[in-house]
Amino acid sequence: MIHGQQFSFERGERVIFKDCSFMLHAGQRIGIVGRNGAGKSTLFELLKGTLQTSAGELTRPDHWRITHMAQEVTASPRTALDFVLDGDEDLRALEAELERAETQDDHLALAAAHDRMADLGAYDASARAGTILYGLGFNKDDLSKPHEAFSGGWRIRLSLAQALMRPTDLLLLDEPTNHLDLEATVWLEGYLAQYPGTLLVIAHDRAFLDTVTTHTLHLHQGSITPYKGNYTSFEAQRLARMEQQQALARKQEAAIAHMTDFVRRFRAKASKAKQAQSRLKALERMEKVAVMQADSPYRLSFPNPAALSTPLLTLRELALGYGERRVLDGIKASVMPGDRIGVLGENGAGKSTLLKAVVGELSAQGGEIVRGKHSQVGYFAQHQLETLDRHDTALATYRRRFELTDQQARDALGHWGFDGTMVERPIDSLSGGEKARLVLAIIAREEPAILVLDEPTNHLDLDMREALAVALQAFDGALLLVSHDRSLLERCVDEYWIVRSGRVDQYADTVGDYAQLISAERNGGTHRGGRAQGRGQNGSDPQDSDTSHTAKPDKAGSGAAAPTAAERRRQAAAARRALKPLKDEQRRLEATISKLEGQIRDVEAQLADPESYASLPADEIDALMARSGKLRKKLDDTEQAWLGLAEQIDSKSAG
């Protein structure tokens, strides 16, 4: 077991841990959670023995083998497969012993070495390493490529694969999903759920923690508190504790009011469709964690644009690629104000290619993108973190970009978690999460009509992810989101596009169904968890990764003869034609709802202002109250009409 007994640790004058005690048992899978700077990585260093406590004890069995996933590794000429096999040090030592015995023609040593090879499972080691590599997104051709040929993100995946290959009693993983896509994350969850040793994992992905962990350690203000259960269980237990405290009462009321209003406005839009029901469950969950959000250091918002085109942009028979290579073809879609679109697809299928075209970084090879007059795009991608001037400060960067006073810039950045000292540090000294927050703060200030976010949560802590979800939900513009964080997708997305086999299709189910689908496909199962509608041609995206990974098309079903491709296209076209009038009317109603909500906010802001009652005649106050009632009645009627249309669309789509 791991036993902490009244231990403390400081860095200079800063107290990281103070009189902490807890006990972890062998075989438990523990999630380490807490805000950035709470000491999560320090705890790992103490467990590894690279740091020592200043008081008390933190002990573990001496015979335990410990593995820690390396975050930075020197580039190596060894192949990817050999690099991963190097993780099994016992295997490599035995191979060297076998080679010595063969060189010396020592038959007795040879026999003993072969026996030990069998005991270690050495003869299937390459197959096990290949399974891990495939699960993490590598293909057969990658196995023979040198480690140094891969980019930084893919080297991190190789380090993770090497750690998983190493026989160990205690496995320490620090943000293992940061450089993974959704498909690789789902595979890793399944792998770790079967891990027989003791696992400690630092992660900010709620769904990942819920699937993998059995216990939670919460690090907060120098303390370490153990909880039984996964992250959702921890959250509920911590919420119960916080509700017993009254210190957060005022903040709590404001947070609950915000959440309740958001749920009220969107509850009526939830049809019987699985997608809408999934969204509603996520919203109901948000009401329960409003108290915890009230204690968050972040107060984020994406200001709503002054004007929005309808549609914001339209993709007409769009074809995309690089040089002579076609990646995506036949894309037909539109993006409307208020759309919340999640983009799914395996690595290399073309997600980044699609987003680059939407933001204007990639020209069409065929077809066209028609943009509305008011359709400014705010684009977040990991590479933008590296475009910041590393010698500049966050304060100077932000102030100069928007021509603000020093105090205005400090106030704005404060909402994004930048305190008085952090804003004055060189950007080069900021963490990946801090740089990401700065880029998001800049995007928000630009007031875009469309937010295009490609893995925005990498390096962000759980508090920041929660705050980001709330801010995105309140945004009136459109959202296109690529993320391996299923919690963020479930809470912020209303519809999905799936990119695969050179196509961009609508995906009719939930992200949970998609996770089950890819898990079943990788395990050779037959689960058919997703329905996609659309058309396109085969292709893969060389810009999504350093290697080409071809997306898997749906497998054909059994039983009656499958319709031909031409018949499927005709059926899909007929279905789209039948649904188009309903969807057009639904979008018109959505625009009306948005307009009514704006009018209601304006009227009720006047009614909530004490100055109105001092300056306006009584009949005008009465008129405002009457107008508020009429607007709310019209809003309710419009939402009911939207609900009826949603049920019709759902019924016709299922048929």
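The values are calculated or read from the model by the stated rules, or taken from the named source; none is laboratory data. It should be emphasised that the depicted structure is a prediction, and the values quoted were computed from it without experimental measurement. Cβ: placed from backbone, ideal geometry, glycine included. Neighbour counts: every protein chain shown. Ligands, DNA and RNA are excluded from the accessible area calculation, which covers all protein heavy atoms including side chains. Shrake-Rupley method; radii C 1.70, N 1.55, O 1.52, S 1.80 Å.
The single condition among (1) within 30 Å of Phe150 (Cβ to Cβ); (2) open to solvent by 40 Å² or more (accessible area, probe 1.4 Å) that Arg60 does not satisfy is (1).
Taking the range 458-473 as the range and being touching a Phe, Trp or Tyr at 6+ places or on another chain (Cβ under 9 Å) and either of a type outside the set (Asp, Glu) or more than 22 Å from Asp494 (Cα to Cα) (or both) as the test, the residues that pass are Leu462, Asp463, Met464, Ala467, Leu468, Val470, Ala471, Leu472, Gln473. Of the residues making up the range 23-47, those that are within 17 Å of Asn230 (Cα to Cα) and either among the hydrophobic types (A, V, I, L, M, F, W, C) or part of a strand (DSSP E or B) (or both) are Met23, Leu24, Ala26, Arg29, Ile30, Gly31, Ile32, Val33.
So that you can scan it fast, the table gives a plain yes or no per residue for (1) open to solvent by 10 Å² or more (accessible area, probe 1.4 Å); (2) part of a loop (DSSP other than H, G, I, E, B); (3) in contact (Cβ under 8 Å) with a residue 40 or more places away in the chain:
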{"position": "Gln408", "(1), (2), (3)": "yes, no, no"}
{"position": "Ala436", "(1), (2), (3)": "no, no, yes"}
{"position": "Pro448", "(1), (2), (3)": "no, yes, yes"}
{"position": "Asp463", "(1), (2), (3)": "yes, no, yes"}
{"position": "Leu472", "(1), (2), (3)": "no, no, yes"}
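Residues of the range 199-212 that are at pLDDT 95 or above and of a type outside the set (A, V, I, L, M, F, W, C): none at all. On inspection, Pro176 qualifies as under 16 Å from the mean Cα position of the chain (by Cα) and within 25 Å of Arg60 (Cβ to Cβ). Filtering the range 610-627 to residues that are open to solvent by 90 Å² or more (accessible area, probe 1.4 Å) and not acidic (Asp, Glu) leaves Pro610, Tyr613, Met625, Arg627. Only a single criterion out of (1) among the small types (Gly, Ala, Ser); (2) crowded, with 23+ Cβ neighbours inside 10 Å; (3) in a loop (DSSP other than H, G, I, E, B) is not satisfied by Gly342, namely (3).
Determine which member of the set Ser363, Ser296 is surrounded by fewer than 22 Cβ atoms within 10 Å (Cβ to Cβ), over 25 Å from Leu635 (Cβ atoms) and modelled with pLDDT of 90 or more.
Details: Ser296 fails: modelled with pLDDT of 90 or more.
Matching residue, one of Ser363, Ser296: Ser363.
Considering only residues that are over 18 Å from the mean Cα position of the chain (by Cα) and of a type in the set (Lys, Arg), look in the range 323-379 and name the one that is farthest from Leu517 (Cα to Cα). The residue in question is Lys373. Listed by first and then second residue, the pairs linking a residue in the range 183-212 that is closer than 23 Å to Glu235 by Cβ to a residue that is aromatic (Phe, Trp, Tyr) and crowded, with 20+ Cβ neighbours inside 10 Å, with Cβ atoms under 7 Å apart and 6 or more places separating them unless they lie on different chains, are Thr185/Phe208; Glu189/Phe208; Arg206/Tyr231; Leu209/Tyr231; Asp210/Tyr231. Note on the range 422-434: residues that are in a loop (DSSP other than H, G, I, E, B), within 24 Å of Leu453 (Cα to Cα) and either free of Cβ contacts under 8 Å to residues at least 24 places away in the same chain or not polar (S, T, N, Q) (or both) amount to 1.
May I ask you to list the residues in the range 156-177 that are assigned to a strand (DSSP E or B) and not aliphatic (A, V, I, L, M)? Asp174 - this is the single residue of the range 156-177 that is assigned to a strand (DSSP E or B) and not aliphatic (A, V, I, L, M).
Residue by residue, here is whether (1) open to solvent by less than 10 Å² (accessible area, probe 1.4 Å); (2) part of a helix (DSSP H, G or I) holds:
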position: Trp154; (1), (2): no, yes
position: His179; (1), (2): no, no
position: Leu192; (1), (2): yes, yes
position: Val201; (1), (2): yes, no
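In this structure, is Ser334 of a type outside the set (A, V, I, L, M, F, W, C), open to solvent by less than 60 Å² (accessible area, probe 1.4 Å) and touching a Pro at 6+ places or on another chain (Cβ under 6 Å)?
Yes, satisfied.
Just one of the listed residues (Glu45, Glu13) is within 31 Å of the chain's Cα centre (by Cα), at pLDDT below 95 and open to solvent by 40 Å² or more (accessible area, probe 1.4 Å), namely Glu45.
In the set (1) modelled with pLDDT under 90; (2) under 24 Å from Tyr231 (Cα atoms); (3) open to solvent by 10 Å² or more (accessible area, probe 1.4 Å), Met69 fails one condition alone, (3). If you go through the range 480-496 and keep only what is under 27 Å from Gln599 (Cβ atoms) and either surrounded by fewer than 22 Cβ atoms within 10 Å (Cβ to Cβ) or among the acidic types (Asp, Glu) (or both), you end up with Asp494, Glu495. The C-beta contact set for the range 601-616 (first residue closer than 19 Å to Asp476 by Cα, second residue at pLDDT 75 or above, distance under 7 angstrom, 6+ apart or interchain) comprises Val603/Leu624; Val603/Arg627; Val603/Ser628; Val603/Leu631; Glu604/Ser628. Pairing residues of the range 23-42 that are closer than 11 Å to Ile2 by Cα with residues that are among the small types (Gly, Ala, Ser) and crowded, with 19+ Cβ neighbours inside 10 Å, at Cβ distances under 9 Å and at least 6 apart in sequence or on separate chains, gives Met23/Gly4; Leu24/Gly4.
Conditions tested, residue by residue: (1) over 30 Å from Leu313 (Cα atoms); (2) among the small types (Gly, Ala, Ser); (3) at pLDDT 90 or above; (4) not in a helix (DSSP H, G or I).
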residue: Arg390; (1), (2), (3), (4): yes, no, no, yes
residue: Leu395; (1), (2), (3), (4): yes, no, yes, no
residue: Gly420; (1), (2), (3), (4): yes, yes, no, yes
residue: Val439; (1), (2), (3), (4): no, no, yes, no
residue: Ala444; (1), (2), (3), (4): no, yes, yes, no
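Checking each residue in the range 33-67 for being β-branched (Val, Ile, Thr), touching an Asp or Glu at 6+ places or on another chain (Cβ under 9 Å) and closer than 14 Å to Ser223 by Cβ picks out only Val33. Only one of the numbered conditions (1) modelled with pLDDT of 75 or more; (2) open to solvent by less than 70 Å² (accessible area, probe 1.4 Å) is not met by Leu607, and that is (1).
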